[in-house]
Every structure is written in C-alpha cells, then in structure tokens.
Amino acid sequence: MKRFILLASILSTSAVAQEPVTNTAAPIVAVDPISPAEAQKRFVAQIKADIKRAEVEIEAPHKNVDPEGKTNTYLAEYDGKLEYDIKKTDSIVSPYTGIAVWDVKWSLNGRDTGIRMSFVGTYSYQDGAWVFKGLKRRAYNEDGSPHDMPADEYVEAFQ
C-alpha cells in the first residue's frame, strides 16, 4: 500500500509540474494569387508610371565642361520605346521578376548625337506590387553589342 501511495504522489507531482501546451504555429497568410497575365498588366502600368515620374530628372539638361574648358549641355529624351520581360520564380517572397528596357535619344548642345542608349530597370513582385530594385544605363558599341554602366544619378527618381 505504501508503494501505491508513493507512486500516486510522484505521478500527481509530475503532472502538476508540466506546462500547458500552446499552439506556436505561425498564422496562415493569404498569398496574392496573381496570374501571369495580371502580373504583366501590373508590370507595364508600374513601368510606365515610373518612367513618367523619372522623365523630369532624365530629361533635365546635364552640363559638363570638356577638357578644352567648353561647357556642354546633354539632354536625354525618352523615345516611347519599351521592351520588357517577366519571369516566374520559385520564390515565395518574389514570385515574379521583371526587367524593362527603354530607349533614350541624346542630344549635345541641341543637336542629336546619334548615340543609342537605354535604361534597364529591374523589379520584383512583392506583397502585391512591383518593387523597383535597380537601374543601369546601357550603351551600345559600334558593332551593336551592349555594355552596361551605373545609373546612380537617376536611381533616386525611381524610388
């Protein structure tokens, strides 16, 4: 009988000492069920809005002084041409990424330079919206091959 009382006492003590179990699972978050067609529609709208907003900075005259001491004024003008590509990713955070390329015409002191240049913007689709991620300037060599350069002076216009 003493063994039974001792065993019952041990079992009741250990049962009291246990912490209650709580649910620590993360809440379920609804995923934006965007279709590829809707992703494209939103991407084009975002790019066009960003270009329009950035045109003020991109098309503003930029002055520099050449080695001979002459001040030159460069001017870029968006020519309306837009190319883009959207890719589906395996990411839960960014289910789509997009790249947009738009051409600009450059003039020097009011004359067309004939220089072909583009801006290349990168975006990710996150939390139901296209988010700007980066910008480069793309120049083209005489053989037509592209080379990218930083466009830091224009990035702020897109943020």
Task: Residue satisfying all of: in segment 128-144; touching a helix residue (DSSP H, G or I) at 6+ places or on another chain (Cβ under 8 Å) and small (Gly, Ala, Ser); most open to solvent (accessible area, probe 1.4 Å) among these - done: 129
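Results for (1) at pLDDT below 65; (2) surrounded by 12 or more Cβ atoms within 10 Å (Cβ to Cβ); (3) out of contact with any helix residue (DSSP H, G or I) (no Cβ under 8 Å at 6 or more places or on another chain); (4) under 30 Å from residue 88 (Cα atoms), shown as yes or no for each residue.
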residue: 9; (1), (2), (3), (4): yes, no, yes, no
residue: 19; (1), (2), (3), (4): yes, no, yes, no
residue: 24; (1), (2), (3), (4): no, no, yes, no
residue: 49; (1), (2), (3), (4): no, no, yes, yes
residue: 56; (1), (2), (3), (4): no, no, no, no
residue: 59; (1), (2), (3), (4): no, yes, yes, no
Open item on the list: Looking at (1) touching a Gly at 6+ places or on another chain (Cβ under 8 Å); (2) part of a strand (DSSP E or B); (3) under 21 Å from residue 53 (Cβ atoms), which one does residue 131 not meet, given that it meets all the others?
Closed with: (1)
Task: Failed item in (1) assigned to a strand (DSSP E or B); (2) surrounded by 10 or more Cβ atoms within 10 Å (Cβ to Cβ), with residue 153 passing the rest - done: (1)
Task: Pairs where the first residue, in segment 110-127, is open to solvent by less than 10 Å² (accessible area, probe 1.4 Å) and the second is in a loop (DSSP other than H, G, I, E, B) and modelled with pLDDT of 90 or more, C-beta under 8 Å, 6+ apart - done: 125/94; 125/95
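The values are calculated or read from the model by the stated rules, or taken from the named source; none is laboratory data. Treat the numbers as computed from the prediction; the structure is a model and nothing was measured. When we count neighbours, we look across all protein chains shown, and the Cβ atoms used for this are built from the backbone with ideal geometry, even at glycine. When the accessible area is computed, the model is the full protein with side chains, heavy atoms only, and any ligands, DNA or RNA have been set aside. Shrake-Rupley method; radii C 1.70, N 1.55, O 1.52, S 1.80 Å.
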